[in-house]
Amino acid sequence: MPVAIDDIKSLLAYYQALGFDHLPLAAGETGSCRTGVDTGQQGRLFELREYIGDCRRCKLSGHRKKIVFGAGSPCAKLMFIGEAPGKEEDMQGLPFVGDAGMLLTKLIVKMGMNREDVYIANIVKCRPPMNRDPEDDEIAACRGFVEQQISIIRPRVIMTLGRIALQALMGDPKLKITSSRGHFFDFGGIPVMPTFHPAYLLRNPQDKVLTWSDAQKAIARLGMPPGR
Ligand code: SF4
């Protein structure tokens, strides 16, 4: 299925923002990677994006402006996974670029990294109308793509943002964010630290301290200094 021109423009802007001066066309191509050795992840992510194409696999396709594939280092040690794009993300084709995105960026910097050092994606790649929660059939249609991103990047730690991302990634709709956050889960051998969604923290700033506590556990698992 052909990729829409707007999506190609978003992709080019995304790769340019990451500092790439050429397109990673070959799956096995080894390229630059800020956070480690790229053993072909860059090319495989590009191939996955091409495979997704102008996706119509679920009903969210009828409402979106742009598919929000994901952004960041293809060999990131830390990966953040949210639930779905919002209004700003839908317009720009990039994840976490609104107010919640600014808060996430602050958290990443406080953890001693930059956005370009981590990888950020969502469970579903198209914006649900009126920012409603993604529905089960939409998650089922799209979840495989983020699983492939995880499989390509192989981060050492994943942080899920909010209840929906946790439930969808772990395949357990009974999980509660309040009792799950702060405790590591396992996804195919990768430690998963659930924490609050930044949009929730904007409404409940008193809980930022809890997210920072979760982030410190992720930092420790990565073997990094305890943040700023
Ligand atoms: S949410 Fe995922 S499965 Fe649904 S149309 Fe968008 S990319 Fe395709």
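The values are calculated or read from the model by the stated rules, or taken from the named source; none is laboratory data. Computed from a prediction, not measured in an experiment: that's the story for all the values here. All Cβ positions, glycine included, derive from the backbone under ideal geometry; neighbour counts span all protein chains shown. These accessible areas exclude ligands, DNA and RNA; they are computed on the full protein's heavy atoms, side chains included. Shrake-Rupley method; radii C 1.70, N 1.55, O 1.52, S 1.80 Å.
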TODO: Pull up region 87-97, narrow it to residues that are touching a residue at least 40 places away in the same chain (Cβ under 8 Å) and in contact with a helix residue (DSSP H, G or I) (Cβ under 6 Å, 6 or more places away or on another chain), then point me to the one that is surrounded by the most Cβ atoms within 10 Å (Cβ to Cβ).
DONE: Phe96
- [ ] Count, please, the residues in region 64-86 that happen to be among the aromatic types (Phe, Trp, Tyr) and either farther than 26 Å from Gly112 by Cα or in contact with a helix residue (DSSP H, G or I) (Cβ under 6 Å, 6 or more places away or on another chain) (or both).
- [x] 1
Task: Meets criteria (surrounded by 15 or more Cβ atoms within 10 Å (Cβ to Cβ) and within 17 Å of the chain's Cα centre (by Cα)) for Ile150 - done: yes
Task: Only one of Ile158, Ile152, Ile190 that is in contact (Cβ under 8 Å) with a residue 60 or more places away in the chain, touching a Lys or Arg at 6+ places or on another chain (Cβ under 8 Å), among the aliphatic types (A, V, I, L, M) and within 22 Å of Arg49 (Cβ to Cβ) - done: Ile152
Task: Residues that are open to solvent by 20 Å² or more (accessible area, probe 1.4 Å), within 21 Å of Pro226 (Cα to Cα) and touching a residue at least 12 places away in the same chain (Cβ under 8 Å), drawn from region 193-213 - done: Leu210, Trp212, Ser213
Open item on the list: Being within 15 Å of the ligand (Cβ to nearest atom) and either modelled with pLDDT under 95 or part of a loop (DSSP other than H, G, I, E, B) (or both) is true for just one of Arg49, Arg64. Which residue is that?
Closed with: Arg64
- [ ] Evaluate the following for Asp54: is it touching a residue at least 40 places away in the same chain (Cβ under 8 Å), open to solvent by 10 Å² or more (accessible area, probe 1.4 Å), among the acidic types (Asp, Glu) and in a helix (DSSP H, G or I)?
- [x] no
TODO: Scan Cys142, Cys126 and give me the residue that is crowded, with 16+ Cβ neighbours inside 10 Å, over 27 Å from Thr39 (Cα atoms) and within 15 Å of the ligand (Cβ to nearest atom).
DONE: Cys126
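Quick test for you: out of Ala71, Ala100, Ala84, pick the one residue that is modelled with pLDDT of 95 or more, within 14 Å of the ligand (Cβ to nearest atom), crowded, with 20+ Cβ neighbours inside 10 Å and of a type in the set (Gly, Ala, Ser).
The unique qualifying residue is Ala84.
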TODO: Would you check if Phe196 is away from the ligand (no atom under 16 Å from the Cβ), of a type in the set (Phe, Trp, Tyr) and in contact with a Pro (Cβ under 7 Å, 6 or more places away or on another chain)?
DONE: no
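Among Asp7, Asp90, which is modelled with pLDDT under 95, outside any loop (DSSP other than H, G, I, E, B) and within 16 Å of the ligand (Cβ to nearest atom)?
Answer to the selection: Asp7.
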